[in-house]
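The values are calculated or read from the model by the stated rules, or taken from the named source; none is laboratory data. Source: prediction; values computed, not measured. Note that we place each Cβ from the backbone using ideal geometry, even for glycine, and neighbour counts take in every protein chain shown.
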Amino acid sequence: MSKIASGGELSRIMLAIKCVLSELDDIDTLIFDEIDSGVSGRAALKIAAKMKELSKTHQVICVTHLAQIAAFADEHKLISKEEKDGRTYTCIASLDYNGRKYELARIMGGLTVTQSILNSAEELLSSAEIDD
């Protein structure tokens with residue numbers, strides 16, 4: 001199957017299988033890497049809702065580049081790279097609410113984070129909590 005499906009497609013297939021079999025599964029932690037690959041906003045919201053449902057019985061770790069998916073997370077970690085003395089380091093930082101809002105806005109808005117985009121990010125976070 002890996003020869004005909006992309007990594008994102010395989011992740012979405014795995015998500016569907018895990019949702020169906022979640023009560024029979026002994027696996028505690030599920031990792032989805034870029035499950036949003038090639039997905040539109042509406043589909044991303046559906047994926048996010050399924051992952052949120054799955055997170056009630058499993059620990060779910062998701063690497064994503066879509067604000068619609070990230071907004072549904074209980075906790076956010078920002079992963080970045082930094083170069084120092086000719087070496088590259090990976091940095092991981094826990095984000096508080098304001099950090100979450102800013103990073104969602106950055107994903108949504110590109111180079112400049114405006115107040116309007118911050119408001120949209122806050123609205124997205126609020127709607128994800130309501131759907132919980």
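Of everything in the stretch 64-117 that's hydrophobic (A, V, I, L, M, F, W, C) and more than 23 Å from Ile47 (Cα to Cα), which residue is surrounded by the most Cβ atoms within 10 Å (Cβ to Cβ)?
Within the stretch 64-117, the match that is surrounded by the most Cβ atoms within 10 Å (Cβ to Cβ) is Val113.
From Ser126, Ser116, grab the single residue that is part of a helix (DSSP H, G or I), within 29 Å of Ala16 (Cα to Cα) and either of a type in the set (S, T, N, Q) or more than 15 Å from the chain's Cα centre (by Cα) (or both). Reasoning before the result, please.
Values: Ser116 fails: within 29 Å of Ala16 (Cα to Cα).
It is Ser126.
Which pairs have Cβ atoms under 7 Å, sit 6 or more apart or on different chains, and link a residue in the stretch 86-103 that is modelled with pLDDT of 95 or more to one that is among the polar types (S, T, N, Q)?
Qualifying pairs under 7 Å: Cys91/Ser80.
Six or more apart or on different chains, Cβ under 9 Å: which pairs go from a residue in the stretch 27-47 that's at positive phi to one that's at pLDDT 80 or above? Could you list them?
Glu34/Cys62; Glu34/Val63; Glu34/Thr64; Glu34/His65
Any chance you could count how many residues in the stretch 82-101 are outside any strand (DSSP E or B) and closer than 21 Å to Val113 by Cα? Before the answer, list the steps.
Taking the stretch 82-101 first, the residues outside any strand (DSSP E or B) are 85-86, 95-101.
Filter once more, keeping what is closer than 21 Å to Val113 by Cα: 95-101.
Of the residues in that region, 7 qualify.
Considering only the stretch 20-41, state which residues are part of a strand (DSSP E or B) and at pLDDT below 80.
Going through the stretch 20-41, the residues part of a strand (DSSP E or B) turn out to be 29-33.
Within the stretch 20-41, no residue meets the criteria.
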